[in-house]
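The values are calculated or read from the model by the stated rules, or taken from the named source; none is laboratory data. Every value quoted in this text rests on a predicted model; they were computed, and no experiment measured them. A quick note on method: Cβ atoms are made from the backbone with ideal geometry, for glycine too, and the neighbour counts reach across all protein chains shown.
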């Protein structure tokens, strides 16, 4: 029997099963859809009520945390340099993919390539598997793909939710850095600037921060040959002059701040002083 004849026979059996055991769309399917829609809407309304009525904040600008999260927070500060942005929970999987594909040349693969390939496979699945069989245990390939997808999304979402970000301790880290790395007290202004200007979002210093986009660890940057304060100041002001097109320019910080940063980094020799 050819494949076409087999599909025709399956379709005939399917029609016979529907006539013998099936139910019409109205009212059975419509009733089920209506009940499920009411359940979903009720859950959303219930969660919204729990979130709102369990909070202790009374007005915008006054922080109040309920059972399901913050109701009101402090107003956003557009001048902050230490805020670390994070996505909503449903983008955590993509957020963690960016940590896996953190090199500039591979970012497009993690953000566009993998999700697009997964979406294409999902759209192609009904055309690739055209059998009439509906029972899960009789569709091992589809079930294995489904389970692997759920596990992958779950793991990536969990890892994204628990990923450690650059430390937000700001100036509180400076005392520890100075003590651990035998730094002179006169580099404190540069260390404080380093801790609060977003440098820790891409660099690691003395165990603090987050390594992203291939940014180097800077604890002993001053011990490297040729990395004196003058070189570092020019590099921070415009990294593109040195072939670095990933790191942004920081010339807007001003000569005084750039000099303080450079002095701090030049003095950072991994504890060697």
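Summary table
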read-out: Hits in region 100-140 - residues which are within 18 Å of residue 11 (Cβ to Cβ) and either out of contact with any helix residue (DSSP H, G or I) (no Cβ under 8 Å at 6 or more places or on another chain) or surrounded by 11 or more Cβ atoms within 10 Å (Cβ to Cβ) (or both); value: 126, 127, 129, 131, 132, 133, 134, 135, 138, 139
read-out: Neighbours by Cβ (under 6 Å, 6+ apart or cross-chain): first from region 103-127, not assigned by TED's automatic domain parsing to the domain that holds residue 213; second part of a helix (DSSP H, G or I); value: 110/97; 110/98
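Let's see how each residue does on (1) modelled with pLDDT of 85 or more; (2) over 23 Å from residue 256 (Cα atoms); (3) in the same structural domain as residue 94 (by TED's automatic domain parsing):
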position	(1), (2), (3)
153	yes, yes, yes
157	yes, yes, yes
191	yes, no, no
198	no, no, no
201	no, no, no
205	yes, no, no
208	no, yes, no
211	no, yes, no
